[in-house]
1. Can you tell me how many residues in segment 14-47 are of a type outside the set (V, I, T) and within 23 Å of D213 (Cβ to Cβ)?
2. Can you give me the ranges of the helices (runs of 4 or more DSSP H) entirely in segment 2-94 with at least 3 residues that are aromatic (F, W, Y)?
3. Take the residues in segment 171-219 that are in contact with a His (Cβ under 7 Å, 6 or more places away or on another chain) and surrounded by fewer than 20 Cβ atoms within 10 Å (Cβ to Cβ), then tell me which one is farthest from A11 (Cα to Cα).
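Values quoted throughout were computed directly from the atomic coordinates according to the rules given, and no laboratory measurement underlies them. All values reported here derive from a predicted model rather than from experimental measurement. Cβ placement follows ideal geometry from the backbone for every residue including glycine, while neighbour counts extend to all protein chains displayed.
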Amino acid sequence: MTASGRLDVGAVLFDLDGTLADTAGDLAGALNRVRADQGQPPMPVESLRRHASSGARGLLAAGMGLVPGGEGYESAREAFLRHYAACLVDTTRLFDGVEEMLAGIEARGLAWGIVTNKAERYTGPVVVALGLADRAGTIVSGDTTPHPKPHPAPLLHAASALRLPPSHCVYVGDDRRDIDAGNSAGMPTLVAHWGYLGNGDPPSSWPARGWLDTPRDLAAWLPA
């Protein structure tokens, strides 16, 4: 963990996939169902994990070489989403230590919420299945605002819902776009090193306030 002191915050906001929840198994399962539809063999989940935070776009690129605007992308994306809707929580679970992290936030009297690029029709059932729906102070999905992350709009929406200035919220995520969105919203940002971390620049180069090796490391950043 890299730390520079406690933050004066009233709430913690989290990305969902790769930060609070390990959803890679179900996302990879949806991709492998698309591959099976086309007569292709399955790919190992571990080979797809780092792409999971990028959803259909990232997984279709990594697993099938399909990109937005390219031939076959839209039909494969529709099939991916259909398959994913049928297996949302087959293997999805909270990462080790997340429950204790959330309990620690609540024990401090701080609010917490979720800001994800996952569409609400998927976010809702996943959050309910994980037992988080009644605990989160706000849940912002990828289609809650006109622009998803890395645009700051979803994070500003969450801060407004919690009735806090953005500077009094810290955002924790596992993808570069999370850090860019938080910075653009005027929030201190922390990298969840246990997450998927994408396939671009190394997380050590991201312009974050700090880096968390495990969920328990968050406590060092919060008001005592």
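1. So the first thing to find is which residues in segment 14-47 are of a type outside the set (V, I, T), and the list is 14-18, 20-22, 24-33, 35-44, 46-47.
Then keep just the ones that are within 23 Å of D213 (Cβ to Cβ); that gives 14-18, 20-22, 24-25, 46.
Matching residues across segment 14-47 total 11.
2. On the way: elements: 24-37, 45-48, 55-64, 73-85.
Here the list reads 73-85.
3. Here the residue is N199.
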